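Some notes on the structure that comes next.
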Amino acid sequence: MIRTATPADVPVIHALIRELAEFERALEEARATEAQLHAALFGPDAVASALIAEDGGSEGGVAGFALWFRNFSTWTGTPGLYLEDLYVRPAARGAGHGKALLAALAAICVGRGYERFEWSVLDWNEKAIGVYRSIGARPQDEWTVQRLTGPALAELAAQAAPAGLGEPAASAPAG
């Protein structure tokens, strides 16, 4: 069964994210806290949503999850859905939970008039790639994902012209 995540699911979503990070050989990069996840999913300025896959045979009945957020295409003029994480616990794999999560997300897209449903996959994750091909997803080979983080992000931000970007200007502490 696929259902929308609730605030009570935050601890298990956090655990699933950690399991995914370990699977992807990047556990040290998974620094999000439960408080951050709660704010991102259920806070007043929520920026993401999540679905939970349940079955009777997995830990606590939770087999996996999908965490997504809305994006926007200037070409189609419509929002889209970007799947940030999809993870099914090893003991629950092969039972259709991953495809069920993908189908539920596709239904959200269609129901809301979104024209694109996109995600990234590690090039070595052949099982996931096989699932994605089986549902009709195709790689965007001509596009390469770019990422700016850490010191490089801070260095570029320091080059920005001050003010006018919609964010409050940083101020020195009072005193």
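The values are calculated or read from the model by the stated rules, or taken from the named source; none is laboratory data. Note that this is a predicted model, so its numbers are computed, not measured. Methodologically, a virtual Cβ is constructed for each residue, glycine included, from the backbone with ideal geometry; neighbour enumeration extends over all protein chains shown. For accessibility, only protein heavy atoms count, side chains too; no ligands or nucleic acids. Shrake-Rupley method; radii C 1.70, N 1.55, O 1.52, S 1.80 Å.
Counting only protein heavy atoms and a 1.4 Å probe, the chain has 66 square angstrom of accessible area per residue. For the chain, the calculated P(r) over all alpha carbon pairs, in 10 Å bins from 0 to the bin holding the longest distance, is 8, 30, 36, 18, 6, 1, 0 percent.
Ignoring ligands, DNA and RNA, please state the percent of accessible area on region 1-47 from carbon and sulfur, probe 1.4 Å.
Carbon with sulfur: 57 percent of the solvent-accessible area.
With a Förster radius of 41 Å applied to the C-beta separation of Ala95 and Ala158, the computed FRET efficiency comes to 0.25. Shape analysis of region 57-113 places it in the prolate category; the axes a ≥ b ≥ c from the Cα gyration tensor give an a/c of at least 1.5, with a/b above b/c. Remark: accessible surface ordering of Trp75, Trp68, Trp143, Trp124 (largest first) is Trp75, Trp143, Trp124, Trp68, probe radius 1.4 Å. Spread over its residues, the convex hull of the C-alpha atoms of region 95-152 is 141 Å³ per residue. When Tyr82, Tyr87 are compared by accessible area at a 1.4 angstrom probe, the order from most to least is Tyr82, Tyr87. Extension gain, Ala46-Glu24: 0.36 nm per intervening residue step, less the Cα-Cα distance, totals 5.3 nm. Between Ala32 and Gln140, the simple label model (points 7 Å from Cα in the Cβ direction) yields a spacing of 2.0 nm.
The heavy atoms of Arg89 present about 20 square angstrom of accessible area, all protein chains included, probe 1.4 Å.
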